[in-house]
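This report refers to the structure that appears directly beneath it.
Values in this text are rule-based calculations from the coordinates and carry no lab data. Only a predicted model underlies this, so the values are computations on that prediction, with no experimental measurement involved. As a convention, Cβ positions derive from the backbone with ideal geometry for all residues, glycine included, and neighbour counts pool all protein chains shown.
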Amino acid sequence: GAFSGSLADLMGRTGDWKCTFGTEGTGFSSSGTTYVSGGKIRADFTSYIEQLKQTIDNHMIQDGGFVYVWTSLAPQGFKAKATLGTKEATTQFNAQGVNIDQKYNYNCTPWTVDASVFALPKDITFMGQ
């Protein structure tokens, strides 16, 4: 069903969910899929940024008190000891140019958990805490 809120709001839901979203603004559009299960969350979304004339793939996982972010722009990712929805997380990700408090309208369906979804990519080096 429909759900509106930030990634932190979404993660606060009980149950296992697969949610899709799409959003458009001035000079950009973004769409993707988010998976939620037992305090873990993964978001995969593709953004088109007109200024850069570029499509960027963004990925984010929160698991066990760490948040991991990586994009198609770099072989390095960023990790922070943080929890989505806290001021600390917001500040850290804003510094990386990521607004994790952005609210989206999601369309959510129940999901049969696949643990591999929450596995970190082997080819990305995560810098940070």
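With r as the distance between the Cβ atoms of K103 and T26 and R0 = 25 Å, compute the FRET efficiency 1/(1 + (r/R0)^6) and round to 0.05.
About 0.90, to the nearest 0.05.
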| task | Please get the size of the charge dipole for the chain, origin at its Cα centre, with Cβ charges of +1 on Lys and Arg and -1 on Asp and Glu, quoted in debye to the nearest 20. | result | 200
| remark: Inter-part gap, Cα centre of region 100-120 to Cα centre of region 1-60, in whole angstrom, is 8
| Taking K and R as +1 and D and E as -1, what net charge do the other residues with C-beta under 12 Å from the C-beta of C19 add up to? | 0
| What pairs from K79/K122; K18/K81; K53/K87 go past 23 Å between their alpha carbons? | K18/K81; K53/K87
| Summing +1 for each Lys or Arg and -1 for each Asp or Glu, what net charge is found among the other residues whose Cβ lies under 15 Å from the Cβ of G65? | +1
| field | Antiparallel DSSP beta bridges within region 1-128, as percent of all bridges there, nearest 5 | value | 90
| message | How large is the Kirkwood hydrodynamic radius of the chain, counting all unique pairs of alpha carbons, in Å? | response | 15.0
